[in-house]
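Engineer: Just passing along the structure, written as structure tokens.
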Amino acid sequence: MNLAQMRSLLAIMDADCNISLAASRLNATQPALSRQLKQLEEELGFQIFLRRGKSLGQPTPSGAAVLGHARKLLGEMANIETLAANHRRETRGLMRIAATQTLGRFVLPPALRRLKRRFADLQFRLHPGGEGECIAMLERDEIDLALVSTEGERPAAFAAIPLFSWQRVLVVPAAHSWAMRERPVTLAELADVPLVAAETITRHDYKLGRSFHAAGLHPTIACTARDADTMKTFVRMDLGVGVMAEMALTEQDADLIALPTGHLFPGCITWALLRGDRIQRDFIFELLRELAPTLSIEAIDKALQGDAPSLPGLTPMG
């Protein structure tokens, strides 16, 4: 029995018992993974997974116990390695981050550039995804940090650290009839025009959509997209009025006009999600401080211990 077998075992479980997928995640071959599983089962004297023909089924009761101990074992091994690296004040390492598209595209790069000046040998791996995908990757221990945004509510999973608040904006071309208006756009006016929005607007629990429904209005969603760059392209093509995060507009978007929505929709909060059962490398804390300069190490430590940081006075997105 060895650590390689434990890693293979967990990779199979985290791939929904799909050995081909597990092998690709480990940069291994399917036959090699199958052999390791067979050898481990022979050594233990029982099956870890049920069999469905040539495919693997769910873990057996004994197999589930083995998987639980294997996950703890590898987690503690990683903690020891991290503890030693921090003690040696190592500046090299790998930071694995999952983030929603908007955060990964518009918020993370400046912070990572500043961090790179202090940790020249640091490597980054960015995994874009929706909120659920980011949380799932953290659950599988495939990443060190997840960055997600909510409409105010605290994520239920993991240690959640609030970083900053932000608002949505309405985005129109400079030639649009709303571009020069001084009077705020009303919800009724917005319901009368085609909208370009994120895919999540169609979710039943999405507060933006509920704002319309609470007023008895039914918005016209002309286009949805997962990323803000595509949404801005749709707006430039005059396919609709964009509804997107304020940080998605940059200096390169001078041909677009942003209109406030604070009077229409609830504000949003960006959170850092960390595993409370993992010791974090020092550069993780430094990245969080780059994203939220007023955030203290003490607040991060409290969050990791299950004491949720307070939200009042959260700094708006700069």
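Quick note: the coordinates plus some simple rules give every number you see, no bench work behind them. Computed from a prediction, not measured in an experiment: that's the story for all the values here. Counting neighbours? That spans all protein chains shown, and the Cβs are built from the backbone with ideal geometry, glycine included.
Engineer: Connecting C-alpha atoms closer than 10 Å in a GNM of the chain, tell me which of Leu288, Leu274, Leu115 has the biggest fluctuation.
Structural biologist: Highest fluctuation among the options: Leu115.
Engineer: 7 Å from Cα along Cα→Cβ at both Glu142 and Asp16: what's the point-to-point distance in nm?
Structural biologist: With each label placed 7 Å out from Cα toward Cβ, I get 1.2 nm.
Engineer: Starting with the fewest neighbours, write out Ile48, Ile143 ranked by other beta-carbon atoms found within 10 Å of each beta-carbon. Please list the in-between numbers first.
Structural biologist: On the way: Ile48 21, Ile143 24.
Listed from fewest to most nearby Cβ atoms, that is Ile48, Ile143.
Engineer: Can you give me the long-range amide H partners of Leu170? Hydrogens built in the peptide plane at 1.01 Å from N, cutoff under 5 Å, separation of 5 or more residues or another chain.
Structural biologist: Those lying under 5 Å, H to H, from Leu170 are Leu259, Thr261.
Engineer: Please compute the length gained on full extension between Ala222 and Arg210, using 0.36 nm multiplied by the number of residues separating them and subtracting their Cα-Cα distance. Show your work: numbers first, answer last.
Structural biologist: Numbers: separation 12, 0.36 × 12 = 4.32 nm, distance 1.76 nm.
Length difference between fully extended and current span is 2.6 nm.
Engineer: Ranked by Cβ crowding within 10 angstrom, fewest neighbours first, how are Met231, Met13 ordered? Walk me through the numbers before you get to the answer.
Structural biologist: Details: Met231 25, Met13 21.
Ascending Cβ contact count within 10 Å gives the list Met13, Met231.
Engineer: While we're on this one: Simple spin-label model, 7 Å along Cα-to-Cβ: Phe124 to Ala175 in nm?
Structural biologist: 3.7
Engineer: Please work out whether segment 168-260 counts as rounded, prolate or oblate from its C-alpha gyration tensor, where a ≥ b ≥ c are the square roots of the eigenvalues and a/c under 1.5 means rounded, while otherwise a/b larger than b/c means prolate and anything else oblate?
Structural biologist: Working: a/c = 1.82, a/b = 1.29, b/c = 1.41.
Oblate.
Engineer: Compute the length gained on full extension between Gln47 and Thr200: take 0.36 nm times their separation in residues and subtract their Cα-Cα distance, giving the result in nm to one decimal. The partial results should precede the final answer.
Structural biologist: Working: separation 153, 0.36 × 153 = 55.08 nm, distance 4.17 nm.
That works out to 50.9 nm of additional length.
Engineer: Using just the helices of the chain, give the 222 nm mean residue ellipticity in deg cm²/dmol: DSSP H runs with n ≥ 4 each add -39,500 (n - 2.57), and the total is spread over all residues, rounded to 500. Write out the running numbers ahead of the final one.
Structural biologist: Working: 11 runs with 121 residues, N = 318.
Roughly -11500 deg cm²/dmol at 222 nm, from the helical runs in the chain.
Engineer: Here is a follow-up. Which helices, taking whole DSSP H runs in the chain, have alpha carbons extending 30 angstrom or more along the helix axis plus mean Kyte-Doolittle at least 0.0?
Structural biologist: Details: long enough: 61-87 (40 Å, 0.13).
Counting only whole DSSP H runs, the qualifying helices are 61-87.
Engineer: Would you kindly state how much longer the chain becomes between Glu76 and Ile297 on full extension, computed as 0.36 nm times their sequence separation minus their alpha carbon distance, in nm to one decimal? Mind showing how you got there, number by number?
Structural biologist: Numbers: separation 221, 0.36 × 221 = 79.56 nm, distance 2.24 nm.
Taking 0.36 nm per residue and subtracting the Cα distance, the gain is 77.3 nm.
Engineer: Sticking with this one: Using alpha-carbon positions, what is the distance between the centroids of segment 101-170 and segment 231-302, in Å?
Structural biologist: Going from one Cα centre to the other spans 9 Å.
Engineer: Each label point is 7 Å from the Cα along the Cα-to-Cβ direction; what then is the distance between the points at Leu239 and Glu182, in nm?
Structural biologist: 3.5
Engineer: Report the FRET efficiency, 1/(1 + (r/R0)^6), for His69 and Asn2, where r is their Cβ-Cβ distance and R0 is 22 Å, rounded to 0.05.
Structural biologist: Values: r = 14 Å, r/R0 = 0.65.
The computed FRET efficiency comes out at 0.95.
Engineer: Among rounded, prolate and oblate, which fits the chain when a ≥ b ≥ c are the square roots of the eigenvalues of its C-alpha gyration tensor, a/c under 1.5 means rounded, and a/b larger than b/c means prolate?
Structural biologist: Details: a/c = 2.42, a/b = 1.73, b/c = 1.39.
In terms of gyration-tensor shape, prolate.
Engineer: Report the relative contact order of the chain, percent, no decimals, based on alpha-carbon pairs under 8 angstrom and at least 6 residues apart.
Structural biologist: Values: 490 pairs, mean separation 67.4, N = 318.
In percent, rounded to a whole number, it is 21.
Engineer: Here's something else I'd like to know. Of Asp192, Asp14, Asp229, which is the most mobile in a GNM of the chain whose springs link Cα atoms less than 10 angstrom apart?
Structural biologist: Of Asp192, Asp14, Asp229, the Gaussian network model singles out Asp192 as fluctuating most.
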